[in-house]
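Peer 1: Structure in structure tokens, see below.
The values are calculated or read from the model by the stated rules, or taken from the named source; none is laboratory data. These numbers were taken from a predicted model, which means no experiment stands behind them. Here the Cβ positions follow ideal geometry from the backbone for every residue, glycine too, while neighbour counts run over all protein chains shown.
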Amino acid sequence: MIRFVRGYAARIEVEKIRERALRGKRARMQNGKIHNFGTELYGYRRDKDRGVREVYEPEAAIVRALFHWYAEEKLRVRSIVKRLNEQEVPPPSAKGSPKSRTDAPAGVKGKSIVSSETQPTKA
């Protein structure tokens, strides 16, 4: 009987926590602010005080180039990746340029974002 009561109380508490969290998120949205969790979108930075996203120009220029290459020049993804590698554009997860990264595993430093060894070959 005690197990049942404890289980029921825990379930009620979980529902209360969930409801409070949703209420806070809803209030933030109604005030015109964005959420304060998750990863940053490439090309934007979050201003947590004002609750808005702002364009981060160094990455936004890359996004514009990607769009131009894909939508206007009709390049394939592989060609776009090649251009990004030639320009030494680091992947979104990299902190700094590929040459300056110290967190890369041994033997990976300085390699391209997508290497030909990882691509499937057509048979």
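Peer 1: Taking the options ARG53, ARG23, name whichever one is out of contact with any Pro (no Cβ under 8 Å at 6 or more places or on another chain) and either modelled with pLDDT of 95 or more or over 20 Å from SER93 (Cβ atoms) (or both).
Peer 2: When all the criteria are applied, what remains is ARG23.
Peer 1: Please verify whether PHE4 is exposed (fewer than 11 other Cβ atoms within 10 Å of the Cβ), of a type outside the set (Gly, Ala, Ser), outside any loop (DSSP other than H, G, I, E, B) and at pLDDT below 90, treating the condition exactly as stated.
Peer 2: Yes, satisfied.
Peer 1: Can you tell me which residues in segment 46-69 are among the basic types (Lys, Arg) and surrounded by 14 or more Cβ atoms within 10 Å (Cβ to Cβ)?
Peer 2: Answer for segment 46-69, where residues must be among the basic types (Lys, Arg) and surrounded by 14 or more Cβ atoms within 10 Å (Cβ to Cβ): ARG46, ARG53.
Peer 1: Would you pick out the residues in segment 62-76 that are part of a loop (DSSP other than H, G, I, E, B) and not hydrophobic (A, V, I, L, M, F, W, C)?
Peer 2: Passing the criteria: GLU73, LYS74, ARG76.
Peer 1: Looking at (1) part of a helix (DSSP H, G or I); (2) hydrophobic (A, V, I, L, M, F, W, C); (3) exposed (fewer than 11 other Cβ atoms within 10 Å of the Cβ), which is the one condition that is false for PHE37?
Peer 2: The number of the failed condition is (1).
Peer 1: Same structure again: Which residue is farthest from LEU41 (Cα to Cα), if the candidates are limited to segment 70-94 and must be surrounded by 15 or more Cβ atoms within 10 Å (Cβ to Cβ) and of a type in the set (A, V, I, L, M)?
Peer 2: Within segment 70-94, the match that is farthest from LEU41 (Cα to Cα) is LEU75.
Peer 1: Scan segment 68-96 and report the pairs whose first residue is closer than 25 Å to THR39 by Cα and touching a residue at least 24 places away in the same chain (Cβ under 8 Å) and whose second residue is among the β-branched types (Val, Ile, Thr) and in a loop (DSSP other than H, G, I, E, B), with Cβ atoms within less than 9 Å and a gap of 6+ or a chain change.
Peer 2: Taking only residues 6 or more apart or on different chains, the pairs are VAL81/ILE113; VAL81/VAL114; LEU84/ILE113; LEU84/VAL114; ASN85/ILE113; ASN85/VAL114; VAL89/ILE113; PRO92/THR39.
Peer 1: Next up: Which count do you get for residues in segment 42-61 that are among the hydrophobic types (A, V, I, L, M, F, W, C) and under 16 Å from the mean Cα position of the chain (by Cα)?
Peer 2: 2
Peer 1: How many residues does segment 59-116 hold that are modelled with pLDDT of 50 or more and not hydrophobic (A, V, I, L, M, F, W, C)?
Peer 2: Looking only at that region, the number is 22.
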